[in-house]
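Participant: Mind having a look at this structure? Questions to follow.
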Amino acid sequence: MKPLEDVLVLDFSQFLAGPWAALRLADLGARVIKIERPHTGDLCRQLYISNLELDGDSTLFHSINRNKLSFAADLKKPGDRERVEKLVMRADVIVQNFRPGVMEKIGFGYDAVQKINSRLVYAEVTGYGKAGPWRDKPGQDLLAQSLSGLVWLNGDADQPPTPFGLAVADMFAGAYLVQGILACLVRRGKTGKGGLVEVSLLEAVLDYQFEVLTTHLNDGGKLPERSTFNNAHAYLGAPYGIYATADGYLALAMGSVNRLGELLACEALTAYPDPKTWFSDRDEIKRILAQHLKAMPTAHWLGILEPADIWCSDVFTWPRLLAHEAFKVLDMLQTVRRTNGASLLTTRCPIRVDGEIYKYNRGAPRIGEHTQQITSEFDL
């Protein structure tokens with residue numbers, strides 16, 4: 001039995017953060033019903049991260065809405081509202097990520113649904129919380145990254161603020177939302193009472209920076225200083241970074257610069273025995289190391305460093321990773337399909353419970369694909 005079997009989730013959300021949270025619940029066994037507008041559905045159906053689409057919907061939509069059912073309802077129509085209210089009566093969880101006030105306006109805010117079902121766990125994602133001057137600002141990932149200060153940690157010192165190449169604010173907010181939902185479900189199991197779970201993109205990405213932001217708050221307000229060369233962490237000294245070799249790249253984590261000099265036969269590095277200089281002379285050390293590592297292939301350096309227990313690794317491309325036994329043994333991929341045969345190769349749930357890997361072959365639904373089935377099953 002999967003951990004969340006018999007848990008019914010109504011997913012009112014769109015785009016990434018909310019649907020990602022609902023996806024993880026589905027991966028863990030919950031039955032997730034997307035409540036979508038007739039004809040247009042989740043706007044993410046037409047949100048492309050490339051020009052690739054499958055069966056009329058973006059691959060982004062397919063990847064975060066697999067293993068869900070779709071119930072089409074126009075919440076402005078009394079008949080559709082009644083049917084959705086009946087689903088709310090039966091649901092365990094609601095997930096939504098509209099701007100503050102939208103769900104209240106259509107009659108499905110927290111206070112309204114609590115009167116229908118007091119055991120319900122109501123989970124919502126906003127951009128910046130429900131109060132303050134940014135309350136109505138678009139809750140979009142790049143904007144949240146930019147306002148959070150995160151973008152000043154990436155890239156080299158002479159480069160402009162650099163965002164992550166992933167929607168990290170959305171994904172972390174979704175992950176935190178799942179944590180809150182599960183905590184509320186545990187509490188409900190003890191008390192019988194539901195609850196309201198709230199996460200914002202900004203709070204999620206601020207927590208994501210807890211380590212470095214805490215340093216800033218306790219060192220007199222000193223700003224992070226990105227390395228001018230091979231920056232990988234604004235707060236860590238040399239050798240931390242990725243370096244070019246004769247045939248590829250080598251990643252070096254924390255370690256003794258002096259010891260590296262000895263192992264790599266780089267005499268210039270042995271001139272830095274004091275760990276304080278690994279920070280104060282960070283860029284100079286990195287430049288010396290970078291020049292030295294270009295002389296030989298990555299495998300040569302790994303053959304020296306790994307037996308000496310130096311934290312290092314090759315730097316893989318996706319094709320090299322996918323072909324490697326270390327990836328294959330994870331069994332990380334699955335194929336999902338729509339009822340018409342359209343299929344998508346994608347990742348699986350990364351969580352194992354009691355050693356079991358969770359895979360599903362149900363693809364993302366078409367708009368309203370399961371409306372009749374759900375209407376009949378729940379006697380709507």
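Participant: Does anyone have the angle between helix 168-191 and the longest principal axis of the chain? Alpha-carbon axes, 0 to 90°, nearest 10?
Facilitator: The two axes meet at around 50 degrees.
Participant: Then there is this: Taking the alpha-carbon set of the stretch 1-44, what are its Rg and Dmax in Å?
Facilitator: Considering the stretch 1-44 through its Cα atoms, Rg and Dmax are 11.1, 36 Å.
Participant: Shifting gears a bit: Under the definition of Cα pairs under 8 Å and six or more residues apart, what whole-number percent is the relative contact order of the chain?
Facilitator: 17 percent.
Participant: Are there trypsin sites (Lys or Arg not before Pro) in the stretch 5-112 that DSSP marks as loop and that have at most 14 other Cβ atoms within 10 Å, and which are they?
Facilitator: Listed in order of number, the matching sites are 76.
Participant: Enumerate the lysines that residue 222 could reach by cross-link, defined here as Cα to Cα under 24 Å, with residues fewer than 8 away along the same chain left out.
Facilitator: Those lysines meeting the cut-off are 276, 286.
Participant: Could you state the angle between the C-alpha long axis of helix 282-293 and the longest principal axis of the C-alpha atoms of the chain, as a value from 0 to 90 degrees rounded to the nearest 10?
Facilitator: It works out to around 80 degrees.
Participant: Hey, another quick one. In the structure displayed, which of 76/190; 105/193; 2/77; 137/359 lie more than 28 Å apart, Cα to Cα?
Facilitator: In this structure, 76/190; 2/77; 137/359 lie more than 28 Å apart at Cα.
Participant: Out of the trypsin sites (Lys or Arg not before Pro) in the stretch 154-219, which ones are loop residues according to DSSP with at most 13 other C-beta atoms within 10 Å? Kindly include the intermediate steps, with their values, before the conclusion.
Facilitator: Details: sites: 187, 188, 190, 193; in loops: 193.
Here the trypsin sites (Lys or Arg not before Pro) that fit, given the DSSP loop and packing criteria, are 193.
Participant: Once every DSSP H run of n ≥ 4 in the chain is given -39500 (n - 2.57) and the sum is divided by its residues, what mean residue ellipticity at 222 nm do you get, rounded to the nearest 500 deg cm²/dmol?
Facilitator: That calculation yields -10000 deg cm²/dmol at 222 nm.
Participant: Only sites in a loop by DSSP and with at most 16 other Cβ atoms within 10 Å count here; which trypsin sites (Lys or Arg not before Pro) in the stretch 318-365 make the cut?
Facilitator: 359
Participant: In Å, the Kirkwood hydrodynamic radius of the chain over pairs of distinct alpha carbons?
Facilitator: 23.6
Participant: Quick check: net charge around residue 213, other residues with Cβ under 13 Å of its Cβ, Lys/Arg +1 and Asp/Glu -1?
Facilitator: -3
Participant: Is the C-alpha gyration tensor of the stretch 1-149 telling us rounded, prolate or oblate? Criteria: a/c under 1.5 is rounded; beyond that, a/b larger than b/c is prolate, otherwise oblate.
Facilitator: It is rounded, given that a/c, with a ≥ b ≥ c, falls under 1.5.
Participant: If I fit a long axis through the Cα atoms of helix 78-90 and take the longest principal axis of the Cα atoms of the chain, what angle between them do I get, 0 to 90°, rounded to 10?
Facilitator: Helix 78-90 sits roughly 60 degrees off the main axis of the chain.
Participant: What are the semi-axes of the equivalent ellipsoid for the stretch 241-323, taken as the square roots of 5 times the Cα gyration tensor eigenvalues, largest first, in whole Å?
Facilitator: 23, 12, 12
Participant: Right, here's the next one. Among the DSSP beta bridges whose two residues both lie in the chain, what percent are antiparallel, rounded to the nearest 5? Write out the running numbers ahead of the final one.
Facilitator: Details: 16 of 38 bridges.
Approximately 40 percent, going by the DSSP bridge assignments.
Every number in this text was worked out from the coordinates using simple rules, so none of it is lab data. Predicted, not measured: the structure shown is a model, and the values here were computed from it. All Cβ positions, glycine included, derive from the backbone under ideal geometry; neighbour counts span all protein chains shown.
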